[in-house]
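Inspection log for the structure reproduced underneath, given as structure tokens.
The values are calculated or read from the model by the stated rules, or taken from the named source; none is laboratory data. Given the structure is predicted, the values throughout are model-derived calculations rather than measurements. Ideal geometry is used to build each Cβ from the backbone, glycine not excepted, and the neighbour counts take in all protein chains shown. Heads up: the accessible areas ignore ligands, DNA and RNA and are worked out on the full protein's heavy atoms, side chains in. Shrake-Rupley method; radii C 1.70, N 1.55, O 1.52, S 1.80 Å.
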Amino acid sequence: MDDDTILEVKDLTTHYLTTDGEVKALDDATFSLDRGASIGIAGESGCGKSTLAFSLLNQVQPPGQIMSGSINLDGIEVTDLSESEAREKIRWKKVSMVFQGAMEIMTPVYSVGHQMKEPLKYHKGITGEKAREICERYLELVNLEGAIFDRYPHELSGGQKQRVIIATALLLEPNLVILDEPTTALDVVVEARIMNDLKRLRRELDISMIFITHDLSILAEVSDNLAIMYAGWIVEFGEAYDIYKDPKHPYTEKLMAAIPDIRTDIERLEYIPGVPPNLVNPPSGCRFHPRCHKAMEVCKEMEPEIHEVDGVNVKCHLYSEDESIAESQEAEYDTAYEDEAAAEAYEGEEGKRELDETGMTETEDEVMEE
Amino acid sequence: MADPLFKARNLTKHFDVTQSFFQKLKGEEKLKVRAVDGIDFDIYQKRNFSIVGESGCGKTTVGKLMMRLLDPTDGHMYMKDKDIADMDSKQQLKAYRRTTQIIYQDPFSALDPRDRIRTILEEPLMIHNLGDTREERTDMVKEALEEVRLTPPEKFLRRYPHMLSGGQKQRVSLARAMILNPDFIVADEPVSMLDVSVRAEILNLMKDLIEEEDVTYFYITHDISTTRFFTDYIGVMYLGDLVEKGRVEDVLDNPMHPYTQALLVAVPEPDPERGQGVKNVPITGDVPSATQVPSGCRFHPRCPHAEEICKKEEPEEKEIEKEHTAKCHFAGEIEFDLDVAK
Ligand SMILES: Nc1ncnc2c1ncn2[C@@H]1O[C@H](COP(=O)(O)OP(=O)(O)OP(=O)(O)O)[C@@H](O)[C@H]1O
Ligand SMILES: Nc1ncnc2c1ncn2[C@@H]1O[C@H](COP(=O)(O)OP(=O)(O)OP(=O)(O)O)[C@@H](O)[C@H]1O
Ligand code: SF4
Ligand code: SF4
Ligand SMILES: [Mg+2]
Ligand SMILES: [Mg+2]
């Protein structure tokens, strides 16, 4: 890892070991981030975005567990750190995170200042007037009045709360800030203003940022690099510009096409049929194959490798040099998959069983019983 | 042009704010939330109308008034020329509600988790005494499931909501609305909680049903980017008032009201070539409380173009081009270019 790289992640795998089986929420994630640069991470709900974020802090909650892989953060191997070491050495100081939904869980009984001062006291032993001064400076940095320090969360609007949380994440001058859905609950005008502030802060403070969201249009505004996730896999990774202009992975392609545009008239929106898979039992071969419009026979059996295409990493058989793969038959598009997968995805094996038991046909008795 | 299917005139809903004992004791003046503050609009058959605006501007309240789930404080509403604001007999209301249905934002709580899909869809039929026998009703339920592409319907009848994906649940909500063959559907943020791709799938389906089932939607959303695809007309709401309305292409390509202009600048730009710079979002501050609507033009404290007159006089609705109106003293004089603004 050279000096320009702040973060290097290799084959990172995090699973949740539940009683229903192992949820393969993140498998073999590999990417890197340059100092001062930003990565956007996108993908549909449940694909493993937050799991990846928690893994980077070595803060995966049980039953989750980092199974394998490495995370090199500014020279420190994060996966080797114990909980107390992670707290001492990296969290807040080197990397801080704005958690998904953090806004809703601000403690109502403590003032903004009280909540902000906590990390300053714990990590730097700074308290009292000095702490207040620093907090106020950071509040102003995110376009709030210093006086917010004395206010309580219920007195603030959603946008103000989110700004307080961002200011707190910046307090200890980390090199890297992870923002998990930082604007999802906010109105567009407030969202645009916060994104503006983040763009500005990144330059002023020279920090690296990881933006996580399901909204690809927001990422287009702030990401140098883009990682597209599907069902626990990073399926495409590269420069954001390249990926937006010419998406390579069939999933990315459809995801981009589903974004409506306010400038042009369109008759129909593109979408991806079917539902996301159950990660206890993900589909064989390529996890996207049951929903992929370009799937081939080989996709059902063999996990695709990562291929480099025009500088972008793509996990898809379409870009394989292997002739036997390149010549594989186009697969029949599998529409029956959707209904089965739905019950399974949302209820695991139990849902499937229940579905089988209740069956598809109804007898007169059952009708009476209801 | 044909007569409107639905008309609202001076439609108003003010809520009383509950006062604390001490406020009453001190004789403080009773505050009112001016949630919907005298709005007019027309909706034509099979021409969807969307209403956009920030949280708390009154969108849901308009939807509930249209359904008569709330009683208006003032004003009139007409469905095919029948006054529905004054309608008060239970029977009339029941008949009206059969022709007008509502779909809510949250597919996760809109359906009772203890009921099977069949029961959920059968319920509206029972309420309105439709279908004489159980078989007949089951057939109607199956037909409704087919309409929303949950096929084969037999597969879904006995499932519970938790056995469906978010998109499938929202299709059940849609089926529940469609089963009574309504003329009109109020869709209150029907896709806000869904992933982009599922969102697209549901909007496509809803759009198909316009022709297939002769239905018209009143689409409530805070996401202006879906309106162009889904609707023909749009109304922009700010603090209880419709500040701009017109054909969706006209309003989005040529926004007249400074608030609409700000909303459009704020929409995230899916093209990295255009979006990376810091945007010039022209408005600051937060939306004022609906209990203290500013004098004159209600947008003046946040408006970058405000002049003295704006604080004193409420702007009239001006028609700038055919069917395109804005409530701003300077409507038509303020230059706007989406690309330059960024
Ligand atoms: N504590 C947990 N126990 C078991 N499974 C979990 C747990 N947390 C997450 N998962 C599962 O891991 C997968 C990835 O979840 P994760 O929260 O990382 O997704 P996400 O991409 O952040 O989704 P969203 O966009 O909804 O926030 C999902 O299938 C989820 O159900
Ligand atoms: N039953 C009520 N009593 C008092 N005030 C109410 C009531 N219902 C709504 N309001 C107020 O009326 C205003 C408009 O609310 P409404 O729910 O219509 O907004 P909205 O545009 O749908 O917002 P959102 O986008 O958050 O759903 C808000 O200020 C709200 O607090
Ligand atoms: S590997 Fe096959 S199924 Fe997977 S994305 Fe590529 S073409 Fe589609
Ligand atoms: S009337 Fe004045 S304050 Fe209101 S929108 Fe127009 S310019 Fe702005
Ligand atoms: Mg998440
Ligand atoms: Mg609402």
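Based only on Cα atoms, what mean projected area does the convex hull of segment A:42-94 have, in nm²?
4.3
Near residue A:94, which lysines are there with a Cα under 21 Å away, not counting those fewer than 8 places off in the same chain?
Excluding near neighbours in sequence, the set is A:10, A:49, A:117, A:121, A:124, A:199.
DSSP H helices in chain B with Cα extent of 15 Å or more along the helix axis and mean Kyte-Doolittle hydropathy at least -0.5?
Those that clear 15 Å and a mean of -0.5 are B:117-127, B:196-213.
Kindly express, to the nearest 10 degrees and within the range 0 to 90, the angle between helix A:337-358's C-alpha long axis and the longest C-alpha principal axis of chain A.
Between helix and principal axis, roughly 70 degrees.
GNM, chain A, Cα, under 10 Å: largest mean-square fluctuation among A:259, A:228, A:39?
The residue with the greatest mean-square fluctuation here is A:259.
Hey, in the GNM for chain A with a 10 angstrom Cα cutoff, which one of A:124, A:89, A:161 fluctuates hardest?
For chain A, modelled as a Gaussian network with Cα springs under 10 Å, the answer is A:124.
Top mean-square fluctuation among A:283, A:273, A:260, Gaussian network model of chain A, C-alpha springs under 10 Å?
Answer for the Gaussian network model of chain A: A:260.
Take the alpha carbon gyration tensor of the protein assembly as shown, find the square roots of its eigenvalues, order them as a ≥ b ≥ c, and report rounded if a/c is under 1.5; if not, report prolate when a/b exceeds b/c, else oblate.
oblate
Rounded to the nearest 20 Debye, what is the dipole magnitude of chain A about its Cα centre when Lys and Arg each give +1 and Asp and Glu each give -1 at the C-beta?
So the magnitude is around 2740 debye.
What are the ³J(HN,Hα) values, in whole Hz, obtained from phi via the Karplus relation 6.51 cos²θ - 1.76 cosθ + 1.60 with θ = phi - 60°, for each residue of segment A:69-75 in sequence order, with x given for Gly and Pro?
Going residue by residue, I get x, 9, 10, 9, 10, 6, x Hz, with x marking Gly and Pro.
Check the straight Cα-Cα distances from residue A:300 and name the aspartates and glutamates below 13 Å, setting aside those fewer than 8 residues away within the same chain.
Candidates past the 8-residue exclusion: A:330, A:332, A:334.
Hey, what does the equivalent ellipsoid look like for segment B:235-342, semi-axes from the Cα gyration tensor as sqrt of 5 times each eigenvalue, largest first, whole Å?
Its equivalent ellipsoid spans semi-axes of 23, 17, 12 Å.
Using +1 at the C-beta of Lys and Arg and -1 at the C-beta of Asp and Glu, which of A:70, A:59, A:96 has the Cα lying farthest in the positive direction of the dipole of segment A:57-102?
Result: A:96.
Can you work out ³J(HN,Hα) from phi for every residue in segment A:135-143, in order, using Karplus 6.51 cos²θ - 1.76 cosθ + 1.60 and θ = phi - 60°, giving whole Hz and x for Gly and Pro?
Values per residue, Gly and Pro as x: 4, 5, 4, 6, 4, 5, 4, 9, 6 Hz.
Chymotrypsin sites (Phe, Trp or Tyr not before Pro), restricted to segment B:182-238: which are DSSP loop and have at most 16 other Cβ atoms within 10 Å?
none
Put A:233, A:92 in order of accessible area, largest first, 1.4 Å probe: what do you get?
A:92, A:233
Regarding chain B, what are the three Cα extents along the principal axes, ordered largest first, in Å?
Principal axes ranked by extent give 68, 59, 45 Å for the Cα atoms.
Roughly how compact is segment B:94-212, stated as its Cα Rg over 2.2 N^0.38 Å to two decimals?
Against the compact-globule rule of thumb, the ratio is 0.99.
Averaged across orientations, what area in nm² does the convex hull of the alpha carbons in chain A project?
So the Cα hull casts an average projection of 23.6 nm².
To the nearest 10 square angstrom, what accessible area does residue A:88 show with a 1.4 Å probe?
100
Specify whether the C-alpha gyration tensor of segment B:147-213 places it in the rounded, prolate or oblate class, a ≥ b ≥ c being the square roots of the eigenvalues: rounded for a/c under 1.5, otherwise prolate if a/b is larger than b/c and oblate if not.
Taking the square roots of the gyration eigenvalues as a ≥ b ≥ c, segment B:147-213 is oblate.
Jot down the radius of gyration and Dmax of segment B:286-327, Cα atoms only, both in angstrom.
Rg then Dmax for segment B:286-327, in Å: 11.7, 34.
Under 20 Å between alpha carbons, and skipping anything fewer than 8 positions from residue B:24 in its own chain: which aspartates and glutamates qualify?
Cross-link targets: B:16.
Could you check how much of the accessible area of the protein assembly as shown is carbon and sulfur, as a whole percent, using a 1.4 Å probe?
Ligands and nucleic acids excluded, carbon and sulfur give 46 percent.
Once you put a point 7 Å from the Cα of residue A:300 and another 7 Å from the Cα of residue B:69, both along the Cβ direction, what distance in nm separates them?
4.6
What are the extents of the Cα atoms of segment A:109-169 along their three principal axes, in Å, largest first?
31, 25, 18
Once the whole set of protein chains is in place, how much accessible area is left on residue A:151, using a 1.4 Å probe, in Å² to the nearest 10?
Roughly 90 Å² of residue A:151 is accessible to a 1.4 Å probe.
Need one value: the accessible area of residue B:9 in square angstrom, 1.4 angstrom probe, rounded to the nearest 10.
Accessible area, nearest 10 Å²: 90 Å².
What accessible area per residue, rounded to a whole number of Å², is obtained for segment B:37-114 using a probe radius of 1.4 Å?
So segment B:37-114 comes to 48 Å² accessible per residue, rounded to a whole number.
Using Cα pairs under 8 angstrom and six or more residues apart, how large is the relative contact order of segment A:109-169, in percent?
40
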